[in-house]
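Student: Dropping the structure in here first, questions after.
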């Protein structure tokens with residue numbers, strides 16, 4: 001019985017370690033990130049198999065940005081302005097649109113991105129054997145996985161000042177989303193602290 005518990009513990013740790021973050025970030029080195037106080041999130045495009053995955057991820061980014069001290073413009077207000085002004089969709093923003101939206105909203109930066117991978121639950125079956133190698137029992141572990149690409153635009157120039165991607169996994173999709181959003185927003189905050 002002790003061996004079975006130890007095996008479950010090791011396998012659980014392996015699931016978490018396998019989901020370690022793989023953050024990649026590029027920043028404009030000459031940009032003063034400390035001047036960013038107010039941010040608009042212009043949505044995340046959803047993964048093709050999960051229609052609302054972009055909204056779910058964007059909500060977590062709002063939470064993480066606020067936790068790191070940023071003021072975030074409500075997405076419904078942004079969507080209303082985009083529709084009213086007949087501006088481009090989030091994944092097709094050009095410099096002129098970014099500048100215009102930034103001015104209308106009174107923000108310092110615009111955040112957008114894409115959900116590249118979104119797996120709500122992946123079941124893994126683990127088999128347990130006795131000391132002779134004969135199967136004695138099995139367990140199912142559930143694992144979720146997400147991968148996100150994001151960009152931050154300066155509203156004065158319309159240029160990309162930060163770009164990042166990350167993937168994470170957890171026992172639930174919310175754990176994976178939290179890991180990615182926390183990691184990527186943390187990298188922006190680290191730039192502001194330099």
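The values are calculated or read from the model by the stated rules, or taken from the named source; none is laboratory data. Remember, it's a predicted structure, so these values are computed and weren't measured experimentally. Methodologically, a virtual Cβ is constructed for each residue, glycine included, from the backbone with ideal geometry; neighbour enumeration extends over all protein chains shown.
Student: Could you grab me the full set of residues in the range 46-81 that are part of a helix (DSSP H, G or I), touching a strand residue (DSSP E or B) at 6+ places or on another chain (Cβ under 8 Å) and surrounded by fewer than 16 Cβ atoms within 10 Å (Cβ to Cβ)?
Tutor: 55, 66, 79
Student: Could you tell me which numbered condition residue 100 fails, if it satisfies all but one of (1) at pLDDT 85 or above; (2) more than 18 Å from residue 159 (Cβ to Cβ); (3) outside any strand (DSSP E or B)?
Tutor: (2)
Student: Further question on the same structure: How many of the residues making up the range 159-174 are more than 14 Å from residue 148 (Cα to Cα) and outside any strand (DSSP E or B)?
Tutor: Counting residues in the range 159-174 that are more than 14 Å from residue 148 (Cα to Cα) and outside any strand (DSSP E or B) gives 3.
Student: How many of the residues making up the range 103-135 are surrounded by 14 or more Cβ atoms within 10 Å (Cβ to Cβ), in contact with a strand residue (DSSP E or B) (Cβ under 6 Å, 6 or more places away or on another chain) and outside any strand (DSSP E or B)?
Tutor: 3
Student: Tally time: how many residues in the range 136-155 are loosely packed, with under 15 Cβ neighbours inside 10 Å and out of contact with any helix residue (DSSP H, G or I) (no Cβ under 7 Å at 6 or more places or on another chain)?
Tutor: Total satisfying the criteria: 5.
Student: Report whether or not residue 76 is at pLDDT 75 or above and either closer than 28 Å to residue 145 by Cα or more than 19 Å from the chain's Cα centre (by Cα) (or both).
Tutor: So residue 76 does not fit the description; no.
Student: From the list 138, 143, which residue is within 19 Å of the chain's Cα centre (by Cα), over 23 Å from residue 25 (Cβ atoms) and assigned to a strand (DSSP E or B)?
Tutor: 143
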